[in-house]
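Before any comments, here is the structure.
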């Protein structure tokens, strides 16, 4: 073999993923999970269409601890996918490919997702 | 002789399914549409008291009804396109991939329709 020093594709078990790669796979995972979560949102709409009784019994589950965990998880997943999605839109438009920029926007996306999640949670708590 | 076709006409309809870049483009269009919709609907619903009567009277406002229908449709179309990419990337067996794609597409269509009908039923009087 004359070309032993050529770069190999990352070995996922021993290679520490950079933040952008982590966000990239998280974008996929949150996308799939959000698709499943949206089934539950449709369920809420259907229950609301059926009437107060069906709606209230579903709401009882959503305000229980496991329902609250689901909502919090859904919100954070949604906003993470949302913020990283906007990042993708900028890339699609041709902006933000520099390594430092990519790293910075990754951190901004995560921070914004946390802030949006907390903001929604506080607004809901105040209602 | 130089090709008289424009670059645009050459890429239009490329790919094994002859649909060119429309998958990519629709994914971006729905995401752009979802930016204002998610923020608007998300924060408004969060601010609403959680009882049935409040939700119903809120959804019945014409602008909200339109927004909700648009949201449900855009979400499930966006989900359909996204799930398709994930399935195509990770399932290599042709038969299994086709089957899972069919199921995924059908479920997205089904839940999109159910969601839209539920919104309309609330809006027009349940």
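Values for this structure:
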quantity	calculated
Hey, residue A:63 within 8 Å of chain B (Cβ to nearest Cβ) and exposed (fewer than 13 other Cβ atoms within 10 Å of the Cβ) or not	yes
Subset tally (residues that are in contact with a helix residue (DSSP H, G or I) (Cβ under 9 Å, 6 or more places away or on another chain) and either under 15 Å from residue A:25 (Cα atoms) or more than 14 Å from chain B (Cβ to nearest Cβ) (or both)) for segment A:100-127	10
Qualifying residue in segment B:45-53 (condition: in a helix (DSSP H, G or I), surrounded by 12 or more Cβ atoms within 10 Å (Cβ to Cβ), out of contact with any helix residue (DSSP H, G or I) (no Cβ under 9 Å at 6 or more places or on another chain) and modelled with pLDDT under 95)	no
Unique residue being assigned to a helix (DSSP H, G or I) and either at pLDDT below 95 or more than 14 Å from chain A (Cβ to nearest Cβ) (or both) when the list is B:8, B:14, B:34	B:8
Residue match in segment A:17-29 (condition: surrounded by fewer than 19 Cβ atoms within 10 Å (Cβ to Cβ), away from chain B (no Cβ under 12 Å), at pLDDT below 95 and part of a loop (DSSP other than H, G, I, E, B))	yes
Residue B:106 vs. criteria within 27 Å of residue A:25 (Cα to Cα), out of contact with any helix residue (DSSP H, G or I) (no Cβ under 6 Å at 6 or more places or on another chain) and either surrounded by 13 or more Cβ atoms within 10 Å (Cβ to Cβ) or more than 10 Å from chain A (Cβ to nearest Cβ) (or both)	yes
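The values are calculated or read from the model by the stated rules, or taken from the named source; none is laboratory data. Because the structure is predicted, anything quoted here is derived from the model rather than measured. FYI the Cβ positions are ideal-geometry reconstructions off the backbone, even for glycines, and counts take in every protein chain you see.
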